[in-house]
Every structure is written in structure tokens, then in C-alpha cells.
Amino acid sequence: MTPEEKTRVDFNAPVSLVDQADVVAELLDVSRTQLLIEALRDEIEELATDDGFRRMISDAYYSGEIDFKTVESILGTEEAMRMKLLRASLNRDPPEPQIKGELPPPAEFYDGDVPEWTPQDETDDPESRA
């Protein structure tokens, strides 16, 4: 596995939170940076299992706000591919049925008399009302 490219991040955090992170990092014998990286990974992994967050990711992907690689990095390859295939199917026009020849007359199609539709409340059959 090749090392991932890194970027420097600078942010302001409450002093008490940084103090807590320093204590935890010292107890675990890791750097503050490593602790924060692991905390971010854990939070993203937890979010990735949340249905509401997954819906937000899919909405953003289908609307073009985020790309396939982003979805893949957060939800994994299988889920990203499922979304990609679904998006492709949503973006295409459904095929129009092609009829070869003429349609049979209604009596032939229905193999006899053509049934007549009647609304539900006009039927006298008690079973059809259930």
C-alpha cells in the first residue's frame, strides 16, 4: 500500500478539548495528530452506517455535488458502484415497446368477452370490498 498524500490542517478548538486530547494521546503513547486522524476516521466510519447520512451522500451524488471517488472513499466500492449503476439507470430513457404487426382485437386478446371495469364501491361482491 502506497502512502497517502497528506495535507496540513489548521483549526481552532476549545482549549479544554485540546487538553483532553493531549492527555489521551499521552496515555495511548501516540501523537496528538495520530489521535485526531483516528478520531476522524472513526467518526466517518460511524456516519457511513447511519441511514440519514447515507441518504445525504446519495442525494449529493445523484445531484452531482460529489463524485464517485468521494462516495467510494466514504461508503466503500460496493455501495458506490450500486449508486453509480442506479444513477445511470435514472438518467436514461426507458425503451419504448416495439410491436411487430397489428394488435389482436380485444375479444381475441382477452380470449372471449372483454371484461368491463367497475369502481370498487359499485360492486355487490362482499369479498372484493375486504
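Read-outs: derived from the displayed coordinates by stated rules, not from any lab. What you see is a predicted model; the values in this text were computed from it and never measured. Note: ideal-geometry Cβ built from the backbone for every residue, glycine included; neighbour counts use all protein chains shown.
Data overview
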read-out: Candidates G101, G112, G52: whichever shows maximal mean-square fluctuation once the chain is modelled as a Gaussian network with Cα springs under 10 Å; value: G112
read-out: Cβ-based exposure ranking for I57, I74, I37, I99, in which fewest neighbours within 10 Å come first; value: I99, I37, I74, I57
read-out: F53 paired with E26, simple spin-label distance in nm, labels 7 Å along Cα-to-beta-carbon; value: 3.1
read-out: Computed P(r) (all Cα pairs; the chain; 5 Å bins; percent); value: 2, 7, 9, 10, 9, 9, 8, 7, 7, 7, 5, 3, 2, 5, 5, 4, 1, 0
read-out: Likely footprinting exposure, L75, L40, L103, fewest C-beta neighbours within 10 Å first; value: L103, L40, L75
read-out: DSSP loop trypsin sites (Lys or Arg not before Pro) with at most 10 other Cβ within 10 Å excluded, longest remaining stretch of the chain; value: 9-91
read-out: Label-point separation in nm, L40 to S89, each point 7 Å along Cα→Cβ; value: 3.6
read-out: Max mean-square fluctuation residue, GNM over the chain, Cα-Cα springs under 10 Å, options D19, D51, D111; value: D111
